[in-house]
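The values are calculated or read from the model by the stated rules, or taken from the named source; none is laboratory data. A quick note: this is a predicted structure, and the numbers were derived from the prediction, not measured. Cβ placement follows ideal geometry from the backbone for every residue including glycine, while neighbour counts extend to all protein chains displayed.
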Amino acid sequence: MARPASIPPSPAVLSETQTAHCQALAAPLLRWYDGNARTLPWRSEATPYRVLVSEMMLQQTRVEAVLPYFSRFLAALPDFESLAQADEDMLLKLWEGLGYYSRVRSLQKTARIVVSQYGGELPRSYEKLLKLPGLGEYAAGAVGSIAFNLPVPAVDGNVLRVLSRLTASSADIAQPAVRHAFRMLAQRMQPPERAGDFNQALMELGALVCLPVRAPSCTDCPLSGGCAARRLGCAGALPVKAPPKLRRAEEMTVLLVVSGNCVLLRRRPEKGLLAGMWEFPHVPGLLSAPQAEALLAESGARVHSVRSLPDNRHVFSHIEWHMHAFAAETDIFSPPEGCTWSAIGDLFAKRALPGAFQHYAEFLPG
Ligand code: SF4
């Protein structure tokens with residue numbers, strides 16, 4: 001991505017002067033945080049379990065969206081023991097709508113390790129946290145620092161944006177060397193006695209003040225006097241991030257097969273995208289109505305009607321599904337391999353349906 005003209009070129013490694021300058025900003029940042037931090041359920045009662053669940057939910061998801069899920073999840077599964085023993089369908093149902101379902105599977109694997117290897121307590125070691133399923137550098141740093149005040153950084157997209165602006169760095173934050181440099185900077189800025197608060201303060205500043213999409217509220221910022229991007233007038237152009245690779249498009253035809261008050265469902269494979277979740281059967285490519293009817297007849301269905309449903313497009317990080325769909329009414333027939341008939345009420349009450357298929361659940365009878 002081209003560097004904005006007003007910003008000087010930045011090496012991946014930050015200078016000692018930049019680092020020292022940023023270190024002086026830790027105190028005003030913490031003062032601001034003490035007076036402005038949002039009251040959040042995982043902050044008011046920051047047990048290691050609650051912090052871990054919140055961090056897994058917050059990956060790729062906004063705080064406001066997470067709040068109702070967090071309360072519901074904690075009410076159903078209040079500790080590592082209950083999470084370790086939870087039934088898979090219940091677990092996926094609790095996560096339904098949050099997306100990125102591998103997070104909840106990792107969370108359960110972690111709970112099982114915590115129960116079987118650590119006596120039901122999350123380990124107080126960054127290195128051990130890093131080995132738990134689904135915890136990368138960011139999440140291990142966030143959980144370790146917030147739950148145990150371990151002096152480790154937690155650098156997410158919000159923090160990368162704030163640090164890029166504080167240093168007026170035009171280095172590409174998609175580059176691992178640049179991310180590493182900002183992790184080192186965050187660690188050196190962090191007062192060890194308030195490691196968790198400092199990490200949360202940087203994230204909070206990014207979420208509430210140093211906003212993305214060219215709109216930082218610099219006049220409300222406690223760090224405006226020491227911010228290089230503010231001084232240079234280039235805050236809105238930072239951070240610099242190379243665009244992601246183009247997504248692959250996949251076309252498919254979804255079959256919403258209904259018999260009375262039952263619908264045909266299929267379980268997705270145990271590994272890969274949306275692993276283990278339920279879906280409406282679908283085939284690659286765009287079928288016509290007669291082709292869809294012929295396919296069902298080949299599977300042994302007596303088809304009473306086939307009608308077209310609106311197209312849908314669902315975007316994942318690396319793939320786009322272009323979904324064409326038909327609703328078919330049939331007699332009950334022997335379900336194809338991997339499929340099962342489900343009462344429609346059970347689908348809504350007990351089975352987790354990915355967002356891509358929720359669109360078609362609206363067309364189920366009553
Ligand atoms: Fe962000 Fe503006 Fe604060 Fe700099 S002064 S950290 S650009 S909000």
Residues satisfying the stated conditions in region 140-159, i.e. under 22 Å from the mean Cα position of the chain (by Cα) and away from the ligand (no atom under 16 Å from the Cβ): A140, G141, A142, V143, G144, S145, I146, A147, V152, P153, A154
Condition met for P216 (under 22 Å from the mean Cα position of the chain (by Cα) and either at pLDDT below 95 or surrounded by fewer than 23 Cβ atoms within 10 Å (Cβ to Cβ) (or both)): no
Residue satisfying all of: in region 96-121; assigned to a loop (DSSP other than H, G, I, E, B) and of a type in the set (S, T, Y); modelled with the highest pLDDT among these: Y118
Subset of region 217-259 [closer than 26 Å to S317 by Cβ and in contact with a Lys or Arg (Cβ under 8 Å, 6 or more places away or on another chain)]: G236, A237, L238, P239, V240
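Got a sec? Which of V263, V257 is buried (at least 18 other Cβ atoms within 10 Å of the Cβ) and under 30 Å from the mean Cα position of the chain (by Cα)?
One residue alone meets the criteria, V263.
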R124 vs. criteria touching a Cys at 6+ places or on another chain (Cβ under 8 Å), modelled with pLDDT of 95 or more and under 25 Å from H180 (Cβ atoms): no
Residue in region 223-254 that is nearest to the ligand (Cβ to nearest atom), counting only those that are part of a loop (DSSP other than H, G, I, E, B) and buried (at least 20 other Cβ atoms within 10 Å of the Cβ): C227
Failed item in (1) under 25 Å from the mean Cα position of the chain (by Cα); (2) closer than 26 Å to E55 by Cβ, with E193 passing the rest: (1)
Failed criterion for S169 (all others in (1) more than 17 Å from T17 (Cα to Cα); (2) more than 22 Å from the chain's Cα centre (by Cα); (3) more than 10 Å from the ligand (Cβ to nearest atom) hold): (1)
Among the residues listed as V213, V162, V178, the single one being in contact with a Gly (Cβ under 7 Å, 6 or more places away or on another chain), under 23 Å from Q59 (Cβ atoms) and either of a type outside the set (G, A, S) or away from the ligand (no atom under 16 Å from the Cβ) (or both): V162
Selection count where residues are surrounded by fewer than 23 Cβ atoms within 10 Å (Cβ to Cβ) and among the hydrophobic types (A, V, I, L, M, F, W, C), scope region 107-138: 4
Residue check, R179 more than 18 Å from the chain's Cα centre (by Cα), closer than 21 Å to V209 by Cβ and among the charged types (D, E, K, R): no
Failed item, numbered, when A237 is tested on (1) of a type in the set (A, V, I, L, M); (2) without any contact (Cβ under 8 Å) to a residue 40 or more places away in the chain; (3) farther than 24 Å from L30 by Cβ: (2)
Those residues of region 189-210 which are in a helix (DSSP H, G or I), near the ligand (Cβ under 10 Å from one of its atoms) and without any contact (Cβ under 8 Å) to a residue 60 or more places away in the chain, in sequence order: G206
Where a residue in region 271-282 is within 21 Å of N312 (Cβ to Cβ) and its partner, wherever it lies, is assigned to a loop (DSSP other than H, G, I, E, B) and of a type in the set (A, V, I, L, M, F, W, C), with Cβ under 6 Å and at least six apart: M277/A352; W278/L353
